[in-house]
1. Summing both sides, how much accessible area is buried between B and A? Use a 1.4 Å probe and give Å² to the nearest 100.
2. Enter the accessible area of residue B:459 (Å², nearest 10), with the probe set to 1.4 Å and all protein chains included.
3. Report, largest value first, the span of the C-alpha coordinates of segment B:366-459 along each principal axis, in whole Å.
4. For segment A:181-226 and segment B:348-413, what is the centre-to-centre distance using only Cα atoms, to the nearest Å?
5. Check residue B:216: other-chain or 5+ apart residues with amide H under 5 Å from its amide H, H built from backbone geometry?
6. Given the protein chains as shown and a 1.4 Å probe, how many square angstrom of residue B:324 are accessible, to the nearest 10?
7. Consider a paramagnetic label point 7 Å from the Cα of residue B:432 along Cα→Cβ; state which residues of segment B:18-58 have an amide N under 14 Å from it.
8. With loop defined by DSSP as not H, G, I, E or B, and exposure as at most 16 other Cβ atoms within 10 Å, which is the longest segment of chain A clear of exposed GluC sites (Glu not before Pro)?
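The values are calculated or read from the model by the stated rules, or taken from the named source; none is laboratory data. Because the structure is predicted, anything quoted here is derived from the model rather than measured. With ideal geometry, Cβ positions are generated from the backbone for all residues, glycine too; neighbour counts draw on all protein chains shown. All accessible areas refer to the heavy atoms of the entire protein, side chains included, with ligands and DNA or RNA removed. Shrake-Rupley method; radii C 1.70, N 1.55, O 1.52, S 1.80 Å.
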Amino acid sequence: MNIITMQNINKSYRMGNHSLHVLKNVSLTVEKGEYLAILGPSGSGKSTLMNIIGCMDVMDEGTYCLDEVAVEHAKEKELVNIRNRKIGFIFQKYHLIPTYNVLQNIVMPLLMRGMSLNEAREASMETIEMLGLAERINHKPNELSGGQQQRVAIARALVGQPAILLADEPTGALDRNSGKEVLKLFGRLHDMGNTIVMITHDLDVAEHAKRVVRIVDGELFEGKEA
Amino acid sequence: MKPGELLRLVWMNIIQNKFKTIMTSIGIIVGAATIVMVIAIGKGGKEDVADQFKNLNAGAIDISYDGGTDERNMESGGESTGGGGMAMPQGASGGFSGNAGNAGTGGGFGGGAPSFGGDFGGGGGDFSPGEMPSGGDFGRGGFFGGGNDMQERMNQENITLDEEDVDDIETFAAGVTDVTISYTTRSSVDGGELEEAATYTIGGVKENYADMSNLSLALGEFITEADDENKEKICVLGASVAEEIFGSAIEAYGSVIYIDERSYVVNGVLETMGTVSSGISPDDSIFIPYATGVKYLVGTKVNPTITVLAEDVNNIDGVIAEVTEVLAATYPNAEFTFEDAGSKMEAAAASNEILTMLLIAMAAIVFVVGGIGIMNVLFVSVKERTNEIGILKAIGCSQKNILFEFLCEAAAISLIGGVLGVGASLLVTPVARYFGVRVELSLSAFLIALLFAVGTGTIFGFYPAYKASKLVPVEALGAET
Ligand SMILES: Nc1ncnc2c1ncn2[C@@H]1O[C@H](COP(=O)(O)OP(=O)(O)O)[C@@H](O)[C@H]1O
Ligand SMILES: [Mg+2]
């Protein structure tokens, strides 16, 4: 079963008079349980594609079906719901809320669904323990190392049990060891049945995935070889 | 999102930025405090006016001869002036006539100051006769009197209201329930615990004065008709006077005081009637029989005031017309000054109203400024927290929740500001009172201030909150902060 079915996606950024064509007729399918890496050099349009997949940005043309929902026709309310329930987004820069502690950051998606803090804490305890953050739940993000912060971000993406995990250069801001930890974790999550799409400019990182596609100048090619 | 959880987040944001919250809400603090004070001072003013007039009959009309007109502005030296039947604030009119006197037009003090309290006449007592070339009355009576020759020239129609006029009005004027005549003067008083003689306001009054002015006695009795007929040297003391001279009403009752070095028995002491803003009140006065005062204190140089009580408060003008007609029979060319309590009350209430309106306008401005302050801070806050808004959107926070979060934050900041403002007003109140402003705090003022505070914050907080909620997630996230 396909979680993602994208066809002929086009996206341009308008800047003043001229426009920059970033995604050119991109088509992509991702099956449930797949672990996919999108590999491409900086500026090739990876993040743009990821933001469209994550319903954070809109495409100009094309069709996109996410877990049986036609995203191109979805209204803001549905998009909010998709972001909250179907997608777990992991960013290069972690993007934790600095004023909230670890626990509060992690349970946020559950609070958005209408859970109380206590319910959300219960529901996220398992994930927190799996990621080794149990001792840290009362810390603020700035009291944690980069690797720990990224684990908090991963926990936040996981607690809602989304249909798909999206990771935009998840190791990009980390040192080599922490990056390895994160990739090991992704392997485990994949083994547990999670669907993962990861973006990277690093072939070594991409090779951790089971399938690799390349993006070059806004065009998508199957396979890791040019 | 559950409202409770949303509020928890709002609360977290606020307590983690205590300093910023306080700084943001300063405008609201000042605004709320201003509102409380405005209402309290307005209320105080209203009660002040009410207090001042509570002893006043709305139907009372003071009639005095205004000697200060251009043709006939000479009353005698002004040793005594029209006493009012009404105890009421009259600082303004008194001051006015004082100016006229200084300007050299002379004129009886009675002009423009028909009611109780002739302080100004006595105020001139410092001028010694020797220093004053025109001598005579001037020294004793104060500077309101003009020179002697001037007086002779213009005094052909020297008019003094008297008891016969009272009888005439009683007999011929319709719509009048009661009439009395009185005057006030200032005289030196000694006795009791006083170490040296002091100057007090003396009111020469008839037996019905107490009723007409709603005076009530704490001890003894008021001046009687017999006292007046026999020119008895008795007196009734205002509550404050009794306390000043004797320490208490009980001590005062039956004792003797010396007015202008003659002994008077204290036949009664009044209850405290309440102070009046101009400082002239029955509390600070000594009442003696009308005739006694004429005989021993003021002589013929008296310019009394006749006070009539209209039967119907709504027919003041009719009564004034009646009285004018009656007096015209005796004094064909004279013009009298009428002043009725109702219009005085209205004037006082109106000026108080204007003050209140001004204060409210001020409070409104403060609130708008405070509101704009909140809006600014929230805009900055939205900008600072664009990234956070982007994150919230990325994990599925709805526009509605973001709008609510920012709105609640604005409202909460304003509520805190409102509470602090109410607190500040409690601190300001004693200061205002120290400076003599009457401040009447009330629960409703607190609630109104809080309501206004939250309202202002929410209204001015809406636009930034709305802006925040409409941010595109990817743009909010990408924003470098
Ligand atoms: N908001 C934007 N406005 C204009 N140009 C943009 C915007 N975001 C990205 N771009 C441009 O689009 C191209 C692709 O960017 P991006 O998708 O971030 O690439 P990548 O993630 O592969 O480095 C780049 O040339 C970048 O400069
Ligand atoms: Mg990128």
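1. Working: alone 22110 and 11520 Å², together 31300 Å².
Summing both sides, the interface buries roughly 2300 Å².
2. Rounded to the nearest 10, the figure is 120 Å².
3. 60, 22, 18
4. 47 Å
5. B:271
6. About 60 Å², ignoring ligands and nucleic acids.
7. B:30-48
8. A:69-206
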